[in-house]
Amino acid sequence: MRVLIINPNTTASITERICEIASRLHPTIEFIPATGRFGAEYISCRAAAAIAGHATLDAYAEKAVGCQAVLLACFGDPGLFALREIASIPVIGLAEASCQAATLGDRKFSIVTGGERWGAMLQEFVSSIGLADQCASIKCVAPTGGEIANNPAKALSILSSACNQCAEEDKADVIILGGAGLAGIAEQLRPAIKVPVICSIEAGVQRVVGALQQPFAKPRHGDMAFPPTFATQGISAGLSLLLSSRPHQQE
C-alpha cells in the first residue's frame, strides 16, 4: 500500500518529519512525500492558505499515480474539498480527521495551534464540517507553527499552558494539538495535561489506515463526483491535464 502525504507548505523538513512519524506508526505502508512546489514556507494566513490549496492539487496531479490514498498534511486542510472532487482515491485531511476523532463519545474539544491568524480560519473550518457545537475553544499561541517546528523545546511551556487552560477554563474533554509543524510534540505534552491530547498527525494517519481497509468508490453524482472537464492556462502540465480530461482510476 502506498499513501501520498501532501504538505502544501514548501518546507521539506516538515514533510519528512510527518513521513517519519507515519512510517513509525504503520511500517507496512509506504508513505510518499510531496512538498508544495510553490507558496509559503509555513501557512499562517488566508493568503498563504489560498495558495496552498493550489499547491495541494498540483502535488496530487504530479505524484498520486500508484497511491491508494492521500493524507493532506496541513492542519486547516487547504484544498481538501477541491482535492476530493478531482481525486480518484480517498483523501484525508489532518484537521477533519482530528476533529472527528475528538468528538467520539460526544466529547467537547479544543484546538491548540501556532499562529494568531489561525483562530478565525479554524473556527470557519470547524463550522464547515458541522462540528462547531462541539468545539469548546480554539487557542493560538504566539509562535507560528513554523517557529515551533524550528525550536519545539522552546514552545513546550506555552503549549502546555494553553492546553491546560482549555481543559480548566473552557471545559474541553479533549485537546487537539494541531499543525504539521507541531508533529511529535503531543507525546511530550501528554503527561502534563489533565485531559487527552490528540496529535493531528497520528489522527490523520489512523484515518488513512481506516480508509485503506474499506472499499472505495468514487461518487458518480453529487458535489464529490468528478467535475466537468475544463481548460486552464498558466498551471502545471500535470494539473492542466488532470482538469481537462477525466482522471483515471488509480490502481
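Pairs exceeding 27 Å between alpha-carbon atoms, taken from Lys139/Lys218; Lys108/Lys218; Lys154/Lys194: Lys139/Lys218; Lys108/Lys218. Averaging 1/r across all pairs of distinct Cα atoms in region 34-158 and inverting the result yields a Kirkwood radius of 15.4 Å. When you restrict to C-alpha pairs under 8 Å that are six or more residues apart and normalise by the size of the chain, the relative contact order lands at 21 percent. Suppose the chain between Gln188 and Leu241 were pulled fully straight at 0.36 nm per residue; how much longer would it get relative to their current alpha carbon spacing? Stretched fully, the Gln188-Leu241 segment lengthens by 14.6 nm. When Rg and Dmax of the Cα atoms in Å is calculated for this entry, the matching label among (i) 20.4, 64; (ii) 17.5, 53; (iii) 18.5, 64 is (ii). Between Ala49, Ala12, Ala69, the GNM of the chain built on Cα springs shorter than 10 angstrom shows Ala12 fluctuating the most. Summing Lys and Arg as +1 and Asp and Glu as -1 over all other residues whose Cβ lies under 12 Å from the Cβ of Asp106 gives a net charge of 0. For region 96-199, the residue among Ser127, Ala155, Thr144 whose Cα projects farthest onto the positive side of the dipole built from Cβ charges is Ala155. Residues considered: His221, His54, His26. Largest GNM mean-square fluctuation over the chain, using C-alpha springs under 10 Å, is found at His221. Mean-square fluctuations from a GNM of the chain, with a 10 angstrom spring cutoff on Cα atoms, peak among Gln68, Gln123, Gln213 at Gln213.
Dividing the helix sum by the residues of the chain, where each DSSP H run of 4 or more adds -39500 (n - 2.57), gives a mean residue ellipticity at 222 nm of -13000 deg cm²/dmol.
Any read-out appearing in this document is the output of simple, stated calculations on the displayed coordinates, not a laboratory observation. Every value quoted in this text rests on a predicted model; they were computed, and no experiment measured them. With ideal geometry, Cβ positions are generated from the backbone for all residues, glycine too; neighbour counts draw on all protein chains shown.
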